Amino acid sequence: MAPKIHFTASEAEIAQQALPVLSARYGAVDLDRADVVVALGGDGFMLQTLHALTDRDLPVYGMNRGTVGFLMNGFAEDGLVERLAAAEETVINPLRMRAFRADGSVHEMLAINEVSMLREGPQAAKLRIHVDGRMRMEELVCDGALIATPAGSTAYNYSAHGPILPINSEVLALTAIAPFRPRRWRGALLPKGAEVEVEVLTPDRRPVMADADSRSVRHVVRVHIRSAGDVRHRLLFDNGHGLDERLLREQFV
């Protein structure tokens, strides 16, 4: 029996053109009736879709109608039902960020790829890093720092020269962005269950914003990050092209 599919598409013209074609060919149902969601777009739209489905236990199958498409499958009008039936499922947990501002407000967000702390002004940020309640770095002078999940390790983390993590590695990557002191610090690998606190030193003179998958909180003074084991996202990939294979292949490009 064919699955009931809910189609969604980014605002890109190429995605919008594909939406009515696939909907008419395979039938489209409302989200409440769906067995699976097919997302048409790029990686950014996939992240948006997963965030929107946080409270729903639905698998998401992406078809690339964007630019990068690391989290997406190739696009084809034919054979969608067969591809869905044979697809491999990968379950990932996001990060939970709690960002504290100087005004006393607290902002909580989930991040599928990474949580990053970035300087807001012309001066480098000064950060103090605690892991599981123990200070591990008294002062990191940098443009910023990020914590990435395995699923997000090929994104901003990789651009900042962080490591690519196997999808089932049960670790997080802590990566500095343009570090000045310590100049040769290469970051750290942390257990998935670690609780990380990043304290902003001299936030008045060196303001920092916290970013969770491109959703930002400005002028933070402290940020707590930990894996959200109670939240899961289900990604579907074509057979033989799962996320574990993609992460491995990316290291040999």
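Here are a few things to note about the model shown:
- Candidate set: the stretch 42-78, residues that are under 17 Å from Gln17 (Cβ atoms) and among the polar types (S, T, N, Q); chosen: the one least open to solvent (accessible area, probe 1.4 Å): Asn64
- Any hit, the stretch 95-108, residues being within 15 Å of the chain's Cα centre (by Cα), open to solvent by less than 10 Å² (accessible area, probe 1.4 Å) and in contact (Cβ under 8 Å) with a residue 24 or more places away in the chain: yes
- Taking the conditions (1) under 19 Å from Thr175 (Cβ atoms); (2) at pLDDT 95 or above; (3) assigned to a loop (DSSP other than H, G, I, E, B); (4) not small (Gly, Ala, Ser) in turn, Met137 satisfies each one other than (3).
- Index of the failed condition, Gln251 passing every other in (1) within 17 Å of Tyr156 (Cα to Cα); (2) open to solvent by 20 Å² or more (accessible area, probe 1.4 Å); (3) at pLDDT 95 or above: (3)
- In summary, Asn157 fulfils each of the numbered conditions (1) of a type outside the set (Asp, Glu); (2) assigned to a strand (DSSP E or B); (3) open to solvent by less than 10 Å² (accessible area, probe 1.4 Å); (4) in contact with a Ser or Thr (Cβ under 8 Å, 6 or more places away or on another chain) with the single exception of condition (2).
- Residues located in the stretch 77-94, provided they are assigned to a strand (DSSP E or B) and within 16 Å of the chain's Cα centre (by Cα): Thr90, Val91, Ile92
- Flag if Ala39 is touching a helix residue (DSSP H, G or I) at 6+ places or on another chain (Cβ under 8 Å), crowded, with 17+ Cβ neighbours inside 10 Å and not aromatic (Phe, Trp, Tyr): yes
- The stretch 203-231, subset of a type in the set (S, T, N, Q) and modelled with pLDDT of 95 or more, residue most open to solvent (accessible area, probe 1.4 Å): Ser216
- Residue among Val21, Val60 that alone is over 23 Å from Ile112 (Cα atoms), outside any loop (DSSP other than H, G, I, E, B) and out of contact with any Gly (no Cβ under 6 Å at 6 or more places or on another chain): Val21
The values are calculated or read from the model by the stated rules, or taken from the named source; none is laboratory data. Quick caveat, the model's predicted, so the values are computed rather than measured. Note: ideal-geometry Cβ built from the backbone for every residue, glycine included; neighbour counts use all protein chains shown. SASA here: full protein model, heavy atoms, side chains in, ligands and nucleic acids out. Shrake-Rupley method; radii C 1.70, N 1.55, O 1.52, S 1.80 Å.
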